[in-house]
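A.B. asks: Just passing along the structure, written as structure tokens.
The values are calculated or read from the model by the stated rules, or taken from the named source; none is laboratory data. In this text the structure is predicted, and so the values were computed from the model without any measurement. Methodologically, a virtual Cβ is constructed for each residue, glycine included, from the backbone with ideal geometry; neighbour enumeration extends over all protein chains shown.
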């Protein structure tokens, strides 16, 4: 086999030619540690700043011409999400056909006709998806505005997008849906 390949030898440098660890000066080590400490302080400073901000960090200048809702918003990742979770639970129940159960309390007061209208409309135009597009705080109320995607009326193909809002009330220490506004 040696005759076919000839004398094949790997050219490996002797051990004395391998690179050795480069010595660092005290200045270089000090700069590296200082840069690391600065990055840690900047990170924690940013977290402290975020913690002291409201739920909405920024709203886009462009707005929906009809509703005035901003086209996009930047939400604080450290915001209290309990109202969003309660609203999402309500919206999912509406989507899943549990409208009458969700609005049972509304049947007992002045909102009974409105509750019936909402349930009929939600059955005809069920939500597919939704996303928060604006946030208003007016304690004890919080209004979450959504952009949703719905199926067209029965017998029609396709989907459409619309805006709707969920008003949350926090008088008892727990977020409760007090109003649902949608245009079908």
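A.B. asks: Return the only residue of 31, 39, 78 being at pLDDT 90 or above and in contact with a helix residue (DSSP H, G or I) (Cβ under 8 Å, 6 or more places away or on another chain).
C.D. replies: Just one listed residue meets the conditions, 78.
A.B. asks: Another question, if that's okay. Inside the stretch 153-165, can you point out the residues that are farther than 21 Å from residue 60 by Cα and in a strand (DSSP E or B)?
C.D. replies: Within the stretch 153-165, 159, 160 meet the criteria.
A.B. asks: Could you identify the single residue in 101, 122, 174 that is modelled with pLDDT of 90 or more, exposed (fewer than 12 other Cβ atoms within 10 Å of the Cβ) and more than 27 Å from residue 56 (Cβ to Cβ)?
C.D. replies: None of the others qualify; the one that does is 101.
A.B. asks: Determine, yes or no, whether residue 93 is loosely packed, with under 13 Cβ neighbours inside 10 Å, out of contact with any strand residue (DSSP E or B) (no Cβ under 9 Å at 6 or more places or on another chain), assigned to a helix (DSSP H, G or I) and modelled with pLDDT of 90 or more.
C.D. replies: When the stated conditions are applied, residue 93 does not pass them.
A.B. asks: Another question, then. Considering only residues that are surrounded by 15 or more Cβ atoms within 10 Å (Cβ to Cβ) and either within 13 Å of the chain's Cα centre (by Cα) or in a helix (DSSP H, G or I) (or both), which ones fall in the stretch 42-77?
C.D. replies: Correct list: 55, 56, 73, 75, 76.
A.B. asks: Also, quick follow-up: Looking only at the stretch 125-139, count how many residues are exposed (fewer than 15 other Cβ atoms within 10 Å of the Cβ) and more than 17 Å from residue 89 (Cα to Cα).
C.D. replies: 4
A.B. asks: Moving on. Here is a list: 150, 142. Which entry is in a strand (DSSP E or B), closer than 17 Å to residue 90 by Cβ, touching a helix residue (DSSP H, G or I) at 6+ places or on another chain (Cβ under 6 Å) and at pLDDT 90 or above?
C.D. replies: Result of the check over 150, 142: 142.
A.B. asks: Consider only pairs whose beta carbons are under 8 Å apart and that are at least six residues apart or on different chains; among these, list those whose first residue lies in the stretch 148-177 and is on the phi > 0 side of the Ramachandran plot and free of Cβ contacts under 8 Å to residues at least 40 places away in the same chain and whose second residue is surrounded by 11 or more Cβ atoms within 10 Å (Cβ to Cβ) and assigned to a loop (DSSP other than H, G, I, E, B).
C.D. replies: Between residues of the stretch 148-177 that are on the phi > 0 side of the Ramachandran plot and free of Cβ contacts under 8 Å to residues at least 40 places away in the same chain and residues that are surrounded by 11 or more Cβ atoms within 10 Å (Cβ to Cβ) and assigned to a loop (DSSP other than H, G, I, E, B), the close pairs are 158/152.
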